[in-house]
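What follows is a set of notes on a single structure, which appears directly below.
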Amino acid sequence: MTFFWDHLALIPVIAFFASVAVKGMVLAHLKTFNVKNMFGSGGMPSVHSSLVTSLTTAIGIKWGVGSDIFLVCLVFACIIIYDAINVRFEAGQHAKALNSLANSGEDWDFNENIGHLPREAFIGSCIGILTAILLLSF
């Protein structure tokens, strides 16, 4: 057994920081790095997806994919990823439209980067799954 076997709560924390680090590297590569964007919503990879898939994977490994607790985690992971790709992405599109109206004299500044593209959620999910597998195998 590993240390993380008895401390599953640490796995999503590590996945969170791994995803934030990757997001920071992506932002630096795009020359748009700042700490606010690195810890903020939206962008590559999805930190939300990484967090929930790492927990779901860890629960699946420890208690099995047939367990009730895995099913609960899986359902919540699907809801969170769906929300990131669809609901929050659309809200970002609405913010973009409202901000363009602001050019007509209003003083608005809505956050446009709050959702994710499917590939951003996929990469975040991969980071989460790999984090859980790696931490529970050592």
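The values are calculated or read from the model by the stated rules, or taken from the named source; none is laboratory data. Remember, it's a predicted structure, so these values are computed and weren't measured experimentally. All Cβ positions, even for glycine, are placed from backbone atoms using ideal geometry, and neighbour counts span all protein chains on display.
Within the bounds of the range 108-116, is there any residue that is of a type in the set (A, V, I, L, M, F, W, C) and touching a residue at least 60 places away in the same chain (Cβ under 8 Å)? Yes, the range 108-116 contains at least one residue that is of a type in the set (A, V, I, L, M, F, W, C) and touching a residue at least 60 places away in the same chain (Cβ under 8 Å). Residues in the range 30-54 that are at pLDDT 85 or above and not hydroxyl-bearing (Ser, Thr, Tyr): 45, 47, 48, 51, 52.
For the range 10-47, the tally of residues that are of a type in the set (A, V, I, L, M), part of a loop (DSSP other than H, G, I, E, B) and more than 16 Å from the chain's Cα centre (by Cα) stands at 1. Among the residues of the range 85-92, none qualifies, meaning not one is among the charged types (D, E, K, R), part of a helix (DSSP H, G or I), loosely packed, with under 12 Cβ neighbours inside 10 Å and at pLDDT below 90. Restricting attention to the range 93-124, the residues that are modelled with pLDDT of 85 or more and charged (D, E, K, R) add up to 2.
Residue 59 meets the conditions (1) farther than 17 Å from residue 122 by Cα; (2) of a type in the set (A, V, I, L, M, F, W, C); (3) assigned to a loop (DSSP other than H, G, I, E, B) in every case but one. The failed one is (3).
In the set (1) closer than 23 Å to residue 12 by Cα; (2) at pLDDT below 90, residue 73 fails one condition alone, (2).
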